[in-house]
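**Q** So that we are looking at the same thing, I have put the structure below in structure tokens.
The values are calculated or read from the model by the stated rules, or taken from the named source; none is laboratory data. Note that this is a predicted model, so its numbers are computed, not measured. Every residue, glycine among them, receives a Cβ derived from its backbone with ideal geometry; neighbour counts consider all protein chains shown.
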Amino acid sequence: MAQKAPLILQPGSTIGVLGSGQLGRMFALAARELGYRIVVYSPDNDSPTGQIADDEFSYRYDDLDRIRDFARKVQVITFEFENVPAATTAAAARFVPVRPAGEVLHLTQHRLREKTFLEENGFPVTPFRRITTLQQLIDAARELGLPAVLKTASFGYDGKGQQKVRSESELKEAFRNLRGAEGIYEAFVNFQKEISVIVARTLAGEISTFPVFENTHVNHILDVTFAPAAIPLKIAKEAARLASGIVEKLEVVGLLTVEMFVTKSGKLLVNELAPRTHNSGHLTIDACVTSQFEQQVRAVCGLPLGSTELRSPAAMANLLGDLWQQGVPKWDAALDDPAVKLHLYGKAEPRVGRKMGHLTATGATVSQAVKRVLRSRGRLH
Ligand code: AMP
């Protein structure tokens with residue numbers, strides 16, 4: 001392992017990014033503001049991140065010779081896409097530090113490993129069972145009850161590989177839908193709200209959380225986020241405490257996003273971890289003293305963390321490819337409100353469900369910010 005890296009990577013150094021989507025793009029923009037150079041690696045070219053980077057490697061993640069060439073060109077590697085194979089991060093880590101470490105990636109790539117880690121360390125999660133046979137699924141339904149959510153253990157995001165099971169009669173089909181993949185059966189959480197906490201940790205162990213974000217989803221994809229979340233201070237504090245506890249236990253160097261449910265009785269349950277920036281944190285660009293992307297740069301380069309203070313209530317609305325179905329959106333109409341900011345990710349093809357950009361609005365109150373961002377999005381057509 002490359003352990004001899006300096007503690008601080010000064011501006012002017014080169015940061016490598018694995019994955020080339022919008023998270024990498026906004027990271028690269030923040031890194032450039034701080035004077036860093038960026039090299040990105042992914043199977044794509046002319047990618048959202050590649051358009052901003054100094055250099056773009058367009059090869060498969062399992063092409064370890066190319067990964068080594070990439071690692072030799074940079075002083076630290078971080079990622080924006082978590083389904084990078086473990087062998088890839090291991091090959092890169094022989095040359096430069098990978099932050100967060102491959103072990104964190106490995107854990108968070110797999111829902112069963114992740115939930116088992118959380119449960120064993122006393123972090124609250126909904127009851128779950130591992131599913132590899134129909135009998136295990138039938139037993140899980142008896143023990144944990146119905147309805148429930150059956151998810152594939154690997155490669156799930158934005159609700160992909162996920163199904164709600166309502167009754168015993170649906171179990172057989174639900175099992176068939178796993179198509180031989182390892183599954184996780186989760187007791188259904190009748191939640192009041194979904195929130196997320198993004199937390200940063202440095203090599204020196206400094207930890208800092210962003211304000212709690214409240215999230216609403218449409219078709220399992222994040223639709224609108226606002227901050228501060230409309231929850232009692234006590235719950236917000238508890239959410240920050242949980243996120244800090246998890247980042248510390250995992251010894252993450254970089255960022256960790258912790259998605260949580262707030263149950264009807266006001267209890268918190270951790271749903272998912274992502275060892276990176278997150279869609280729900282996009283409003284930090286326009287509303288916080290330090291954006292989540294700048295914080296990631298600071299954390300992986302060994303700089304002190306920036307203030308996460310929310311300068312004003314804010315709301316973010318995603319722009320999916322669906323919007324293009326009725327023609328090119330009217331950007332000028334959306335920007336008619338001067339408190340609204342537009343972010344587009346440089347993606348050429350607006351496919352349905354694809355994240356193409358987002359709008360952020362600030363306001364005197366959260367409800368004003370939400371109203372503004374929705375009004376602006378509504379004006380796109
Ligand atoms: P995930 O891919 O695990 O982030 O799940 C996507 C979305 O599905 C979440 O944001 C929730 O809205 C919903 N969901 C996931 N797991 C559960 C659960 N155990 N109970 C209720 N809703 C869930």
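**Q** Which one is nearest to A243 (Cα to Cα) among residues in segment 94-116 that are of a type outside the set (S, T, N, Q), within 16 Å of the ligand (Cβ to nearest atom) and in contact with a helix residue (DSSP H, G or I) (Cβ under 6 Å, 6 or more places away or on another chain)?
**A** Quick first cut of segment 94-116, residues of a type outside the set (S, T, N, Q) only: 94-107, 110-115.
Remaining after also requiring within 16 Å of the ligand (Cβ to nearest atom): 107, 110-115.
Now drop any that are not in contact with a helix residue (DSSP H, G or I) (Cβ under 6 Å, 6 or more places away or on another chain), which leaves 107, 113-114.
Numbers: L107: 16, R113: 18, E114: 14 Å.
The qualifying residue nearest to A243 (Cα to Cα) is E114.
**Q** Give me the residue from segment 264-298 that is part of a strand (DSSP E or B) and hydrophobic (A, V, I, L, M, F, W, C) and, out of that set, nearest to the chain's Cα centre (by Cα). So that I can check it myself, show each step before the final result.
**A** Of the residues in segment 264-298, the ones part of a strand (DSSP E or B) are 268-274, 288.
From what is left, the residues that are hydrophobic (A, V, I, L, M, F, W, C) are 268-270, 273-274, 288.
On the way: L268: 19, L269: 17, V270: 14, L273: 8, A274: 5, C288: 18 Å.
Looking at residues that are part of a strand (DSSP E or B) and hydrophobic (A, V, I, L, M, F, W, C), I get A274.
**Q** Another question about this same structure. Out of (1) under 27 Å from L105 (Cβ atoms); (2) buried (at least 20 other Cβ atoms within 10 Å of the Cβ), what's the single condition that is false for P313?
**A** Here P313 clears every test but (1).
**Q** Going by the structure shown, is F261 under 17 Å from T126 (Cα atoms), within 16 Å of the ligand (Cβ to nearest atom), in contact (Cβ under 8 Å) with a residue 60 or more places away in the chain and not in a loop (DSSP other than H, G, I, E, B)?
**A** On the way: under 17 Å from T126 (Cα atoms): yes; within 16 Å of the ligand (Cβ to nearest atom): yes; in contact (Cβ under 8 Å) with a residue 60 or more places away in the chain: yes; not in a loop (DSSP other than H, G, I, E, B): yes.
In short, yes.
**Q** Further question on the same structure: Between a residue in segment 60-76 that is of a type in the set (V, I, T) and any residue that is in a helix (DSSP H, G or I), which pairs come within a Cβ distance under 7 Å, given they are 6 or more apart or on different chains?
**A** Qualifying pairs under 7 Å: I67/T88; I67/A91; I67/A92; V76/V300; V76/C301.
**Q** Pick from V197, V125: which is modelled with pLDDT of 95 or more, in a strand (DSSP E or B) and hydrophobic (A, V, I, L, M, F, W, C)?
**A** Numbers: V125 fails: in a strand (DSSP E or B).
Residue meeting the stated conditions: V197.
**Q** Just the residues that are surrounded by 24 or more Cβ atoms within 10 Å (Cβ to Cβ) and within 11 Å of the ligand (Cβ to nearest atom), please, taken from segment 264-277.
**A** Across segment 264-277, the qualifying residue is only L273.
**Q** Can you name the residue in segment 200-226 that is away from the ligand (no atom under 11 Å from the Cβ) and part of a loop (DSSP other than H, G, I, E, B) and is also surrounded by the most Cβ atoms within 10 Å (Cβ to Cβ) among such residues?
**A** Within segment 200-226, the match that is surrounded by the most Cβ atoms within 10 Å (Cβ to Cβ) is F210.
**Q** Follow-up question, since we're still on this one. Of G245, G254, which residue is farther than 18 Å from N190 by Cα, within 14 Å of the chain's Cα centre (by Cα) and in contact (Cβ under 8 Å) with a residue 12 or more places away in the chain?
**A** Numbers: G245 fails: within 14 Å of the chain's Cα centre (by Cα).
After ruling out the rest, the residue left standing is G254.
**Q** Restricting the first residue to segment 135-149 and requiring it to be outside any helix (DSSP H, G or I), which pairs with a second residue that is of a type in the set (A, V, I, L, M) and more than 12 Å from the ligand (Cβ to nearest atom) meet a Cβ separation below 8 Å and a spacing of at least six or different chains?
**A** Qualifying pairs under 8 Å: A148/A140; A148/A141.
**Q** Just one of (1) outside the structural domain of L320 (by TED's automatic domain parsing); (2) touching a helix residue (DSSP H, G or I) at 6+ places or on another chain (Cβ under 8 Å); (3) buried (at least 19 other Cβ atoms within 10 Å of the Cβ) trips up L146, so point out which.
**A** If we test L146 against (1) outside the structural domain of L320 (by TED's automatic domain parsing); (2) touching a helix residue (DSSP H, G or I) at 6+ places or on another chain (Cβ under 8 Å); (3) buried (at least 19 other Cβ atoms within 10 Å of the Cβ), just (3) comes out false.
**Q** To continue, here is another question. Give just the number: which of (1) of a type outside the set (V, I, T); (2) within 16 Å of the ligand (Cβ to nearest atom); (3) in the same structural domain as T132 (by TED's automatic domain parsing); (4) surrounded by fewer than 20 Cβ atoms within 10 Å (Cβ to Cβ) does A174 not satisfy?
**A** (4)
**Q** State yes or no: is I184 surrounded by 17 or more Cβ atoms within 10 Å (Cβ to Cβ) and either closer than 23 Å to C288 by Cα or of a type in the set (K, R) (or both)?
**A** Working: surrounded by 17 or more Cβ atoms within 10 Å (Cβ to Cβ): yes; either closer than 23 Å to C288 by Cα or of a type in the set (K, R) (or both): no.
Taking the combined requirement at face value, the residue does not satisfy it.
The rows are residues; the columns are (1) closer than 23 Å to Q22 by Cα; (2) of a type in the set (F, W, Y); (3) surrounded by fewer than 17 Cβ atoms within 10 Å (Cβ to Cβ); (4) without any contact (Cβ under 8 Å) to a residue 60 or more places away in the chain.
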residue: V297; (1), (2), (3), (4): yes, no, no, no
residue: G302; (1), (2), (3), (4): no, no, no, no
residue: L319; (1), (2), (3), (4): yes, no, no, no
residue: W324; (1), (2), (3), (4): yes, yes, no, yes
residue: A333; (1), (2), (3), (4): no, no, yes, yes
residue: A339; (1), (2), (3), (4): yes, no, no, yes
residue: K355; (1), (2), (3), (4): yes, no, no, no
residue: T362; (1), (2), (3), (4): yes, no, no, no
